[in-house]
Every structure is written in structure tokens, then in C-alpha cells.
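Data block below; observations after.
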Amino acid sequence: MGPAGVSARPRRFFGVYLLYCLNPRHRGRIYVGFTVNPARRVQQHNGGRKKGGAWRTSGRGPWEMVLVVHGFPSAVAALRFEWAWQHPHASRRLAHVGPRLRGETAFTFHLRVLAHMLRAPPWARLPLTLRWLRPDLRQELCLPPPPHVPLAFGPPPPQAPALRRRVGPFDDAKPEPDQGDAGACCALCARTIQDEQGPLCCPHPGCLLRAHMICLAEEFLREEPGQLLPLEGQCPSCEKSLLWGDLIWLCQMNTEKEVEDLELEEAHWTDLLET
């Protein structure tokens, strides 16, 4: 979520998706993959390997992208999630998830694995969104997602030129001027803010909080001393509730440099493993 009217570059999209095969000969097969562009990626899968699709899906279409989990802070984070979803038996984070049951479809099994992943560290503390692209194929997860993981439906909002944001309590907020002033001081430690990514700023209207990322993280984690990554906390200045993921997103929006849209999913290393 973010303030309306902010003139900033849209947040980069890193998602992990679940494909479902509609071909009567292969119906029920699934495929887990990584993408930076869901609409384009499903076209590539249905176009075969010559169009950039994976060898596991080539010639077995049509495929439908049923759901996508997005909101990862980087491509690396999304790729690690993808690998664990593909190989739950090999992930130490998912040792508690049992193998596929007799009579359990591949689709249902992967939804069961996903339900456990969303509640397992480190993914349980990321600002993720679970988005169903085919609501008619939706199934309730065996475990509900954490409260901070919203459930969404339909295609992701466009990445450009409009600002991507989730509706929330900051919709009417106005950007505070000069939030990135050189020499600004952290409200918590009183030292000059020299972070390359700039200060973390409270998006609530009228609040002038600026703080080092590490200082605000430590403040939020006072109630969770055993954790490394905050989920949410109370602004030390205006005392209103804040989600950590939203603060990081707003910081990245205001400081992120223009980057090329790398076609990471087109040369994905797992597509080269013909096993």
C-alpha cells in the first residue's frame, strides 16, 4: 500500500506461480515456476520451448496460471521459495510436511505444501500476497495464511505506468516534503542518516518520522526479541500501526534506480535439468 498521488517508479514484480494443465491427455498436471511477468510467462508456456516455455510444459498445453504468490523483496528470495515449493521433501524448512498422500492430486498436494510454506520461516515474515488468477479453481488451504498475507483475485495490477498499491489506511496520505534531505537525523538514535536507500519514513499524514532501517527494526522487534525481521509495529512518532513490508516498499519506491526488466524466467536454470 502507499500514498495516493506519489510520482514514483512502480515496484518490481517477483512472483512464484502454479500452472494447471487443461489438456485432457495430461489434465491435472501442475508446474511451479518463477516470473516477473505472469501474463507473458503463461503465453510462453503455451507457446512451447521455441517461445520461451519450459520443456516440462512444452507440447502439453493449454496451461492455466491458477495462482501466484508475489511481494518478494528480490528475485533471489522468490527463486528460493520456488525451489522449496518444487522440492518440499528436500527443504529443511518443510521437514514437517508429509509426502503426497495416496489419492491426493498433485494440485491438492502443492496447495497443502503452499499452506505450510506461508507459515514457515523465513517466508512467514515476508509481505507476500496470495493471488488467485482462476477463482473457479480456488481451494481453501489446509492452513489459513498469516493475517498480514492478503488474499487477492484477478491479474496483478499493471507494473507501469500506474503506481502499484494495495488499498489501505494510507490511501489519503500526502508525501511529506524533503524526506530524503541530506543530513537528516534518525528520530530514534539522533545520528545522521546516511543509508544508501534513504530513511524509513512514516506514511501517515502529518507524521515526520525518519529513522535508520536498523533502528526502526529494533524498535519493532522489542515485542519479538527472538526474531530478525519485523512484521509490524507502532510508529514511535504518531503511534499508529505500520506494516514493515509497506515501509520497505515505500523506501524502495523513492530510491529505486531504473533497472532493466531481466528475463530471468526465460533462462531459468531448472528448465535445463531434464530429469
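The values are calculated or read from the model by the stated rules, or taken from the named source; none is laboratory data. Values in this document were obtained by computation on a predicted structure and should not be read as measured data. Neighbour counts are summed over all protein chains in view; Cβ atoms, including those assigned to glycine, are modelled from backbone coordinates with ideal geometry. Keep in mind that these areas ignore ligands, DNA and RNA; they rest on the heavy atoms of the full protein, side chains included. Shrake-Rupley method; radii C 1.70, N 1.55, O 1.52, S 1.80 Å.
A few comments on the model shown:
- Among the residues making up segment 122-139, none is assigned to a strand (DSSP E or B), among the aromatic types (Phe, Trp, Tyr) and open to solvent by 10 Å² or more (accessible area, probe 1.4 Å).
- Filtering segment 157-211 to residues that are surrounded by fewer than 18 Cβ atoms within 10 Å (Cβ to Cβ), closer than 30 Å to Val36 by Cα and either at pLDDT 85 or above or among the β-branched types (Val, Ile, Thr) (or both) leaves only Val167.
- The selection criterion, being surrounded by fewer than 16 Cβ atoms within 10 Å (Cβ to Cβ), in a loop (DSSP other than H, G, I, E, B), at pLDDT 90 or above and under 17 Å from the mean Cα position of the chain (by Cα), holds for Arg119.
- Failed item in (1) surrounded by fewer than 19 Cβ atoms within 10 Å (Cβ to Cβ); (2) in a helix (DSSP H, G or I); (3) not β-branched (Val, Ile, Thr), with His110 passing the rest: (1)
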